[in-house]
1. Quick one: helix 6-33 against the long Cα principal axis of the chain, what's the angle to the nearest 10°, folded into 0 to 90?
2. Report the full-extension gain for the segment residue 96 to residue 13: residue separation times 0.36 nm, less the Cα-Cα distance, to one decimal in nm.
3. Need one number: nm distance between label points at residue 138 and residue 84, each 7 Å from Cα along Cα→Cβ, rounded to one decimal.
4. Full extension from residue 29 to residue 76: what is 0.36 nm times the residue separation minus their Cα-Cα distance, to one decimal in nm?
5. What shape does the chain take by its C-alpha gyration tensor, where a ≥ b ≥ c are the square roots of the eigenvalues and a/c under 1.5 counts as rounded, a/b above b/c as prolate, and the rest as oblate?
6. Can you tell me the relative contact order of the chain? Whole percent, Cα pairs under 8 Å, sequence separation 6 or more.
């Protein structure tokens, strides 16, 4: 009767494991070669603009520049003016408006409580603010209507 060598059993197990790993790798390579992944990513556009505005108050006039209003003119002490405006979302993402930012406040008081807050994806919004002159003078200032992405 032949004696079995303990080493030969270990060698057989080692060879079997190596063959099994190789077969698994070959099968994975064949499976992966035929797999195709298709993906698409779409981005949106965030763009809002002042569509119309009207300055009611003697001696003031304005011009729009995207989401900014440039207003200039002469106001007397105590004089008030109202700026009414409408904005429209020109982009594909919903936007919300933050509080208006005024470039120059010297001698003027602003009531910004009626400013537009948000704009629906396809629609627009209306807002207004009031200006009161604390001193008589010539004024030139910009009102920026900042907007950002409206989280859904």
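1. 40 degrees
2. Going from the current span to full extension adds 23.1 nm.
3. 3.0 nm
4. Stretched fully, the residue 29-residue 76 segment lengthens by 8.7 nm.
5. Judged from the Cα gyration tensor, the chain comes out prolate (a/c at least 1.5, a/b above b/c).
6. 25 percent
None of the figures in this text is laboratory data; all of them are computed from the coordinates on show. Please read all numbers here as calculations on a predicted model, not as lab measurements. Methodologically, a virtual Cβ is constructed for each residue, glycine included, from the backbone with ideal geometry; neighbour enumeration extends over all protein chains shown.
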